[in-house]
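One structure is given below, encoded as structure tokens.
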Amino acid sequence: MEADNFDTIIHAPNRLMICAVLAPLKEIEFVLLKEQLGVSDSVLSKHIKTLAEVGYIDLTKIVKDGRQRTWLSLTDKGLRAYKQHVKALKMIVDG
């Protein structure tokens, strides 16, 4: 069984869900992602930091209506890693 594309960074459940949500989107606001995943600010921030440190996620911070808002998007590297990880998972499941 070929597991070369298995990515331990992405595999953590919350990080896998983050990538799954972001994969089909151009970007999403932090608050909306948090609501969709049903996690706290601190949990989401921790996982985003991990993904950003390896270059899988881009963060864009803008000020709108006097409040700072954070937008997230998968980088090309992150999208490739996510797709390869999903492929590796399918290989494991299919045997």
Handout entry: Matching label, mean projected area of the Cα convex hull in nm² computed from the structure shown, candidates [x] 7.0; [y] 6.3; [z] 15.5
Key = [y]
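Given the Cα-Cα distance of Lys49 and Glu29 and 0.36 nm per residue of separation, how much length would full extension add, in nm? Don't skip to the end; give the middle numbers.
Working: separation 20, 0.36 × 20 = 7.20 nm, distance 1.51 nm.
Contour length minus the Cα-Cα distance gives 5.7 nm.
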Exercise for the section: Could you list, in their original order, any pairs among Lys61/Lys87; Lys26/Lys49; Lys61/Lys90; Lys64/Lys87 whose Cα atoms are separated by more than 30 Å? Expected result: Lys61/Lys87; Lys61/Lys90; Lys64/Lys87
Handout entry: Inter-site label distance for Asn5 and Asp65 at 7 Å from Cα along Cβ, in nm
Key = 4.1
Problem - On Cα atoms only, tilt of 76-94 relative to the major axis of the chain in degrees - result: 40
Practice task
Just read off the accessible area of Thr8 with the full protein assembly in place, 1.4 Å probe, to the nearest 10 Å².
Solution key: 100
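The values are calculated or read from the model by the stated rules, or taken from the named source; none is laboratory data. Keep in mind that what you see is a predicted model, and the values were worked out from it rather than measured. Every residue, glycine among them, receives a Cβ derived from its backbone with ideal geometry; neighbour counts consider all protein chains shown. Quick note on the areas: whole protein, heavy atoms, side chains included, nothing else; ligands and nucleic acids left out. Shrake-Rupley method; radii C 1.70, N 1.55, O 1.52, S 1.80 Å.
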